[in-house]
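Asks: Below is the structure I would like to discuss, written out as structure tokens.
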Amino acid sequence: MTAEIGPPKSANPEIVRRYARLLREHGDAFNVTDNQTAIVRMSSFASALICLQEGAEPIMQMTCRDRNRIALQSDLLGASALGVRNVLCLSGDHQTFGNQREAKNVYDIDSTQELQMFKMMRDERRILGDDELEEGPKMFLGAVENPFADPFEFRVARLAKKVSAGADFVQTQAVFDMERFERWMSAARDRGLDRKVHIIAGVVPLKSLGAANYMKKKVPGMIVPDHIIERMRKATDAKSEGIRICVEQIEHLMTIKGVHGVHIMAVNWEEKVPEIVEKANLHPRPPP
């Protein structure tokens, strides 16, 4: 059971502290996003340390958009030295989507190469260029995958590449189309990938009909079926219906062989995560 804590557009640590205290008993680990949607926010590194101080296990996101290989390796070593134990490797949203459109992106390496590099640092105690490390980082390595983008037949091949590169866990794009997700999981099981990596399925609680329509029409690589749109349209209380749909999705995902967990992406709605977890009968969490 994982969820997200979005760092603020602020230097105020209390915002992260408040969410860490709210969520720490309702999940096993929490993504701290890395300048999500290319908007300047408190760093994922600092936010991860604040979560640790509050007893919430952080998953530090690290994008290739803003760092070259020197900075990525350096930040991983620093995070490990300070007790961060999980990292999620991402390309990062392109800067033209955010509030710094004139910024130069980096993309020195891609997210799969980032995984390979971090695995080498951890398992072989080497950095790129073969220089040895006195002590390697102690990190559980994560990746993301989208079962819904086209062409569908290549999606499991992409997952296999990330597993081969070193992913210990994979968090997926938000699942609304269960039929397509089950086909993706079936293909992953056929290749034995569910036994090599922890697959954590993403869910997003819908706040409104407008949010559902936006994800259906505007978010690349996301499929929101018409029956979900129709339920939100007919709902007398859209927020309650959105939470009800999310709980049903979690219950369905728990029945799919090879799914190891669920990742709740409650964007700017973190306060609803405890309610969702409790209604899905996933609270209290088992001890680590």
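Since every read-out is calculated from the coordinates, none of them should be taken as a lab result. Remember, predicted model here, so these are calculated numbers, not experimental data. A quick note on method: Cβ atoms are made from the backbone with ideal geometry, for glycine too, and the neighbour counts reach across all protein chains shown.
Asks: Using Cα positions and a limit of under 21 Å, work out the lysines in reach of residue 239, with same-chain residues fewer than 8 apart set aside.
Replies: Output for residue 239: 207, 216, 217, 218, 272, 279.
Asks: What are the extents of the Cα atoms of the chain along their three principal axes, listed from largest to smallest and rounded to whole Å?
Replies: Dimensions of the chain along the principal axes of its Cα atoms: 60, 46, 45 Å.
Asks: Obtain the radius of gyration and the Kirkwood radius of region 44-195 from its C-alpha atoms and give Rg over Rh.
Replies: 0.99
Asks: Please report the spacing between the Cα centers of region 1-77 and region 143-211 in Å, no decimals.
Replies: 23
Asks: Using 13 Å as the cut-off for backbone N distance, which residues of region 65-94 belong to the label zone defined by a point 7 Å from the Cα of residue 267 along Cα→Cβ?
Replies: Inside the label zone: 93-94.
Asks: Right, here's the next one. Angle check, please: helix 238-253 long axis (alpha carbons) against the longest principal axis of the chain (alpha carbons), in degrees 0 to 90, nearest 10.
Replies: That helix lies at roughly 70 degrees to the long axis.
Asks: In whole Å, what are the Cα extents of region 100-177 along the three principal axes, biggest one first?
Replies: 47, 35, 18
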